[in-house]
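These notes are about the structure you will find just below.
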Amino acid sequence: MYIGHVGVALAAKRVRPGIGLLVLLVATYAPDWVDAGLCVAGAYNPDGVFSHSIPVVAVLALLGFTLYGIKGRDWTAAAVVAAVIISHMLLDWITGTKPTWPGGTMIGLNLYARPLVDLVVEGSLIVAGAVLYGRTLPPRERPWRDVVIMGSALLVLQLGIDIAHLLMESLPKC
Amino acid sequence: MPIASLLVGAIFVVTLTDSVAPDFFTSRFYYATRLIGAILIATLIPLHIDRRARRSSRSGR
């Protein structure tokens, strides 16, 4: 999943408005940041064993929970941050195929093979997230305007990625 | 804003398309930069829109 992860971060903002959106965005892409680091280091695994498997995501979630809990002194918010990190793995099981654990089975629906279906699924997450996010904004004259801007900008990005998937057979991450 | 989004979207597609990457770019550096750039775009765009929305709501009161 690509931009659909942002939808989860936006929805989490509604669950716990006190959490900064930057924290939620970093949390929602945490396994991908690990992949980026592994890519730079030359230790990248194309299956995502060291970034997207259940034990690694569990460690990342525990790390996020602990760091945010210690810094923010809000353990409920820390649990939301941890849940957002875990959501990355669960959503990737819908759109791609990811390892359960090192040497374990690969699971996932692999919607990337059907870019239009992927667009519908990720687009739905983006729209739902943008609507929920809109409720965290202070009251104003045109409350829908920022929701539309947020939703449409993210949908354009997602559309770009799905077009790339239509044009290409594979999109290597690293 | 829509033009900027379209522009970023177009750049996104071009950078994701391997056929435009010359041989010397098909290196670890190219892929790492592309991956980090993609995550940064997906992070910074909603963050920028959020900051702008909250700033405008404050000044609009």
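Listed values, structure above:
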quantity	calculated
Candidates A:SER124, A:SER87, A:SER51, ranked by Gaussian network fluctuation over chain A, Cα under 10 Å, top entry	A:SER124
Paired Rg and Dmax values of region A:76-174, which use every Cα atom, in angstrom	16.4, 55
Computed FRET value (nearest 0.05) for A:SER124 with B:PHE29, which takes r as the C-beta separation and R₀ as 25 Å	0.10
Interchain or long-range residues, amide H under 5 Å from A:ILE107's placed H	A:LYS98, A:THR100
Expected 222 nm ellipticity per residue - DSSP helices of 4 or more, -39500 (n - 2.57), all of the protein assembly as shown, to 500	-23500 deg cm²/dmol
Rough spin-label spacing in nm, given labels placed 7 Å along Cα→Cβ, for A:ILE70 and A:THR105	3.7
FRET efficiency estimate (nearest 0.05) - Cβ-Cβ, B:ARG51 to A:LEU171, R0 25 angstrom	0.25
Within-14-Å neighbourhood charge of A:ARG114 [Cβ basis; K, R +1; D, E -1]	-4
Local electrostatic count at A:VAL8 - Lys and Arg +1, Asp and Glu -1, tallied over other residues with Cβ under 14 Å	0
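Values in this text are rule-based calculations from the coordinates and carry no lab data. In this text the structure is predicted, and so the values were computed from the model without any measurement. So basically every Cβ, Gly included, is an ideal-geometry build from the backbone, and we count neighbours across all protein chains shown.
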